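Asker: Following this message is one structure expressed as structure tokens.
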Amino acid sequence: EAKRDRLEFAVFRDALEPAPSSTLTLEAALHGALARQELELHYQPLFRTSDRVMIAKEALLRWRHPELGLISPAQFIPLAEESGLIVAIGTWVLQQACRQAATWPGVRVAVNISARQFSRPDFLAVVERALACSGLEPARLEIELTESMLMRSPDAAAELLRSLKALGIRIAIDDFGTGYSSLAYLKRFPLDTLKVDQSFVRDIAQASQDTAIVTTIIHMAHALGLEVTGEGVETEEQWAFLRDHACDSVQGYLLGRPAPE
Ligand code: C2E
Ligand code: CA
Ligand code: CA
Ligand code: CA
């Protein structure tokens with residue numbers, strides 16, 4: 001009797017337990033999040049710097065947890081990377097973003113790709129399928145990769161990028177300047193855009209070292225025939241600086257926060 005009471009109490013107590021907070025329970029919950037349709041995409045606009053016309057939207061993943069509310073990708077993407085769940089999640093993100101973008105007039109969609117997704121042998125086929133199923137014109141899809149993903153094995157990466165380009169999509173380097181990439185390889189990769197990391201944009205208007213770094217990245221990118229996006233633009237000063245230094249597009253809270261479709 002006493003044993004059963006204890007057991008029942010344990011079950012009751014578990015039900016009352018505060019929302020899962022440990023990494024382990026969060027990971028377990030993440031396993032079913034896709035099937036339970038708890039994942040959703042928010043979109044943040046990108047604007048052409050010269051006239052502030054919207055040219056693209058970046059898809060940013062959110063997890064709407066039934067008890068914890070909206071969870072940011074910084075909290076669960078590392079878990080998804082470690083467990084390999086990112087592959088299924090990333091495929092869903094690509095499909096969902098292409099499907100939604102196909103209903104927008106003209107504006108491009110930018111999709112973040114994880115290292116694990118990029119290194120899968122079927123990545124090209126996954127992108128191809130997302131385009132085919134959605135009917136989205138390939139030129140309206142831009143995938144965002146990081147320097148480290150490309151530099152792990154640069155020759156294989158260059159070949160994959162060429163196949164992706166052959167589909168007609170665009171390729172951007174995200175958080176540019178925070179990783180290690182060799183300029184020699186940068187020239188060999190068929191890229192379209194460099195996204196300057198927000199850590200460089202922050203103090204840009206204060207005549208700091210970042211001023212030199214950002215203007216140099218812009219010059220180099222243009223010399224290589226690439227476009228440049230400034231990330232994390234929060235003030236009019238930062239926007240004016242990027243406009244005056246020929247940065248092609250900007251993204252940041254000043255112009256628009258990520259929001260549901
Ligand atoms: P990211 O790709 O560099 O995305 C930009 C992040 O900066 C977003 O955070 C965005 O909300 C935030 N941001 C935009 N403008 C400003 C600004 O003016 N000021 C500041 N302080 N922040 C700004 P978010 O949405 O929390 O995403 C964080 C990271 O999670 C992303 O960084 C990206 O690396 C990753 N991520 C998001 N969605 C996905 C996805 O679908 N797949 C993968 N693999 N990674 C994703
Ligand atoms: Ca990004
Ligand atoms: Ca970024
Ligand atoms: Ca980032």
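The values are calculated or read from the model by the stated rules, or taken from the named source; none is laboratory data. A quick note: this is a predicted structure, and the numbers were derived from the prediction, not measured. Please note: Cβ atoms are built from the backbone with ideal geometry, for glycine as well, and neighbour counts cover all protein chains shown. To get the accessible areas, we keep the full protein, side chains included, count just its heavy atoms, and leave off ligands, DNA and RNA. Shrake-Rupley method; radii C 1.70, N 1.55, O 1.52, S 1.80 Å.
Asker: Go through the stretch 82-120 and give me each residue that's open to solvent by 50 Å² or more (accessible area, probe 1.4 Å), free of Cβ contacts under 8 Å to residues at least 60 places away in the same chain and more than 17 Å from E38 (Cβ to Cβ).
Answerer: Within the stretch 82-120, E82, R99, T103, P105, G106, R116, S119, R120 qualify.
Asker: Filter the stretch 196-206 down to the residues that are assigned to a helix (DSSP H, G or I) and open to solvent by less than 40 Å² (accessible area, probe 1.4 Å), then identify the one that is farthest from ligand 2 (Cβ to nearest atom).
Answerer: The extreme case among them is I204.
Asker: Here is a follow-up. Within the stretch 143-185, count every residue that is exposed (fewer than 14 other Cβ atoms within 10 Å of the Cβ), assigned to a helix (DSSP H, G or I) and of a type in the set (D, E, K, R).
Answerer: 3
Asker: Could you tell me whether the stretch 186-195 includes any residue that is part of a helix (DSSP H, G or I), touching a Gly at 6+ places or on another chain (Cβ under 9 Å) and open to solvent by less than 40 Å² (accessible area, probe 1.4 Å)?
Answerer: no
Asker: Sticking with this structure for a sec: Checking the condition in contact with a strand residue (DSSP E or B) (Cβ under 7 Å, 6 or more places away or on another chain), farther than 28 Å from R62 by Cα and among the aliphatic types (A, V, I, L, M), which residue from A259, A221 passes?
Answerer: A221
Asker: Would you be able to say whether some residue in the stretch 131-142 is in a loop (DSSP other than H, G, I, E, B) and surrounded by fewer than 20 Cβ atoms within 10 Å (Cβ to Cβ)?
Answerer: yes
Asker: Out of L183, L194, I need the residue that is away from ligand 1 (no atom under 12 Å from the Cβ), over 30 Å from E236 (Cβ atoms) and not hydroxyl-bearing (S, T, Y). Which one?
Answerer: Exactly one of L183, L194 is away from ligand 1 (no atom under 12 Å from the Cβ), over 30 Å from E236 (Cβ atoms) and not hydroxyl-bearing (S, T, Y), namely L183.
Asker: Of everything in the stretch 218-248 that's within 16 Å of ligand 4 (Cβ to nearest atom) and outside any strand (DSSP E or B), which residue is surrounded by the most Cβ atoms within 10 Å (Cβ to Cβ)?
Answerer: V233
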